[in-house]
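Just below is one structure, and these are the notes that go with it.
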Amino acid sequence: MTKDKLRAFLFRGLLFESEAGAFQSAGIQIGASSTASEESLLAQSLAPFGIQRRNAALEMSRLYALLYCFENEIREFIRERLEESQGVGWAEKLPARILQHAESRKNTALKDSWLEGEKTNILGFADFGQLGQIIIANWDCFKDVIPSQHWLSQRMDEIEKSRNFIAHNRLLLPSEFARLYMYISDWNRVIGL
């Protein structure tokens, strides 16, 4: 294929991709299903493992996805509330022990230049358990939304226990799934998600 033909082919491909987005946003499927491709890739990567381990992993992946969304939603909620009430310097007003811990972890991440990912959000370097402490330390910013400090502590403590189980690749029982769904549902209802 000549350079001109290759350029024309690539240009047509770019045009098709830009036009495909409009069709896809209208609900019209263009090309192969990305869901099917993703499922195929997942099946291939899990194939070497036994069926029980694969099934447990898929079951736990639902909880991981839920916790990922929940934890990052809390971090964003805290940031928005503190920024709204304390301005752009809100992070400097975090409890000293928590700020020191988060900054230390952030500095370690920055030194690990090979490790790519988000490295600017200081709350992303705070432990999950510290998020509740941040809210309580800044209670005036949150008391109009969160019913009580006791309510917050109880839920955050219970969720943290399950979260740590999941983060360390331990299987939870179905009753723990239900408890986790209930606590996160409570939080979402109170916060207005």
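The values are calculated or read from the model by the stated rules, or taken from the named source; none is laboratory data. Because the structure is predicted, anything quoted here is derived from the model rather than measured. In this analysis, Cβ positions are derived from the backbone assuming ideal geometry, glycine residues included, and neighbour counts consider all displayed protein chains. Note: areas computed on protein heavy atoms with side chains; ligands, DNA, RNA excluded. Shrake-Rupley method; radii C 1.70, N 1.55, O 1.52, S 1.80 Å.
Does any residue of the range 119-133 turn out to be within 26 Å of K161 (Cβ to Cβ), under 18 Å from the mean Cα position of the chain (by Cα) and among the acidic types (D, E)? If you could, list the steps in order and put the result at the bottom.
First, the residues of the range 119-133 that are within 26 Å of K161 (Cβ to Cβ): 121-133.
Pick out the ones that are also under 18 Å from the mean Cα position of the chain (by Cα) and you get 121-132.
With among the acidic types (D, E) added as a condition, the list becomes 127.
Yes, the range 119-133 contains at least one residue that is within 26 Å of K161 (Cβ to Cβ), under 18 Å from the mean Cα position of the chain (by Cα) and among the acidic types (D, E).
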request  = Would you please name the residue that is least open to solvent (accessible area, probe 1.4 Å), looking only at residues in the range 140-169 that are assigned to a helix (DSSP H, G or I) and polar (S, T, N, Q)?
outcome  = S162
note = The residue that is surrounded by the most Cβ atoms within 10 Å (Cβ to Cβ), considering only those in the range 170-193 that are more than 17 Å from the chain's Cα centre (by Cα) and not in a helix (DSSP H, G or I), is L172
task = For residues that are touching a helix residue (DSSP H, G or I) at 6+ places or on another chain (Cβ under 8 Å), under 19 Å from G132 (Cα atoms) and free of Cβ contacts under 8 Å to residues at least 24 places away in the same chain, tally how many sit in the range 81-116.
result = 6
inquiry  = Yes or no: the range 124-139 includes at least one residue that is open to solvent by 80 Å² or more (accessible area, probe 1.4 Å), in a loop (DSSP other than H, G, I, E, B) and among the hydrophobic types (A, V, I, L, M, F, W, C).
reply    = no
request  = Find the helices (runs of 4 or more DSSP H) located wholly in the range 2-96 whose residues include 2 or more that are modelled with pLDDT of 90 or more, and list them.
outcome  = 51-86
message = Any residue that is at pLDDT below 95, over 25 Å from A65 (Cβ atoms) and among the polar types (S, T, N, Q) - is there at least one of those in the range 121-144?
response = no
ask   = Quick one: is L110 open to solvent by less than 50 Å² (accessible area, probe 1.4 Å), under 22 Å from the mean Cα position of the chain (by Cα) and among the hydrophobic types (A, V, I, L, M, F, W, C)?
value = no
key: Cβ pairs under 6 Å, 6+ apart, first in the range 167-184 and under 13 Å from Y64 (Cβ atoms), second aromatic (F, W, Y) and open to solvent by 70 Å² or more (accessible area, probe 1.4 Å)   = L172/F165
